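Let me begin by presenting the structure, written as C-alpha cells, before commenting on it.
Just so it is clear, none of the values below were taken in a lab; they were calculated from the coordinates. These numbers come from a predicted model, not from an experiment. Note that we place each Cβ from the backbone using ideal geometry, even for glycine, and neighbour counts take in every protein chain shown.
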Amino acid sequence: DAGVIQSPRHEVTEMGQEVTLRCKPISGHDYLFWYRQTMMRGLELLIYFNNNVPIDDSGMPEDRFSAKMPNASFSTLKIQPSEPRDSAVYFCASSSSPGLAGGPGELFFGEGSRLTVL
Amino acid sequence: GNSVTQMEGPVTLSEEAFLTINCTYTATGYPSLFWYVQYPGEGLQLLLKATKADDKGSNKGFEATYRKETTSFHLEKGSVQVSDSAVYFCALSPYTGNQFYFGTGTSLTVIP
C-alpha cells in the first residue's frame, strides 16, 4: 500500500518566493497533520485537519503560512513570502479516527520535504 | 495540559550495549503512549505503543512499559546494533481525539 506521499522532497528557493508543499495522505485516513522539524525546535505541529476541516492551526508561525485540504486525498502548505528562518524539514502525517476501543489511530509520516530558503 | 519530556542526547553506545532512553509525560486522563523512530533522511515511523497502564509495548527488541504511578514510558533494548542508530521520539495522544504530542527526540549512535 502507498504511504503518505509528499512533494517535493527537496526545495531550494530565494527569500521572498512562494513555496507550496504537497501531501497525499493514506486512503481512508480522516486526520492529516503538518509538522515542521528543525534542529533548534525539534518537531512542531503546525496544523491538523479532520475530514478536510482545519481543527487546530495554533502552531502556524504567522500569516505567511497557510494550509488547505480541498479534498480527502490532497493537502497543501504554502509559505508566502518565504524567509531563511523557514528552512526546515516539513512532514505530513495522516491517521484514522480512534476506534471503538478508544485511543488514537497510528500516525503515519511521509518522508518529508526539505526546504532551504536562501 | 499534555506534554512529553525526553532524555536529551546525543547518546553514543558501543554495539551490544544496553540502552535506556527516559521519557516522562504530563497528561489529563489516560493517554496512549508511543515511541517513534526516525532513520536518517526518513520520516518518523512507529516503533511501539502502549494504550493503558502497565501495558508493555515491544518491537525489534525494544521495550517500554506504561507506568502510570511514575508517569513514565522509558525505552529499553538489551543489546543495540549499529542499525539502531536513529533519532527516537516519545509521544502521547490523549484518550479522546487524535492529537499527538512529541518529545524533542534523542539521537542514538551505535558504534561497532
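Table for the structure above
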quantity	calculated
Dipole magnitude of chain B about its Cα centre (Cβ charges: Lys, Arg +1; Asp, Glu -1), debye to nearest 20	320 debye
For chain A: relative contact order, % (alpha-carbon pairs under 8 angstrom, 6 or more apart)	36 percent
Relative contact order (%) - the range B:47-105, alpha-carbon pairs under 8 angstrom, separation at least six	19 percent
Residue B:56 versus residue A:57: modelled label distance in nm, points set 7 Å from Cα along the beta carbon direction	4.6 nm
Lysines whose Cα lies under 17 Å from that of residue B:49, excluding same-chain neighbours fewer than 8 positions away	B:60, B:68, B:77
Dipole magnitude of the protein assembly as shown, debye to nearest 20 (Cβ charges: Lys/Arg +1, Asp/Glu -1, about Cα centre)	240 debye
Computed over chain B: relative contact order in percent, which uses C-alpha pairs under 8 Å that are six or more apart	37 percent
Efficiency of FRET from Cβ geometry, residue B:104 and residue A:2, R₀ 35 Å, rounded to 0.05	0.70
Whole-Å distance, taken between Cα centres, linking the range B:37-112 and the range B:11-32	6 Å
Extreme residue, positive dipole direction of chain B, given options B:19, B:43, B:94 (C-beta unit charges)	B:94
Calculated FRET value between residue A:85 and residue B:28, using beta carbons and R₀ = 30 Å, to 0.05	0.35
Candidates B:34, B:89, B:62, ranked by Gaussian network fluctuation over chain B, Cα under 10 Å, top entry	B:62
Unit charges at the beta carbon, dipole of chain A: most positive-side option, A:37, A:54, A:3	A:3
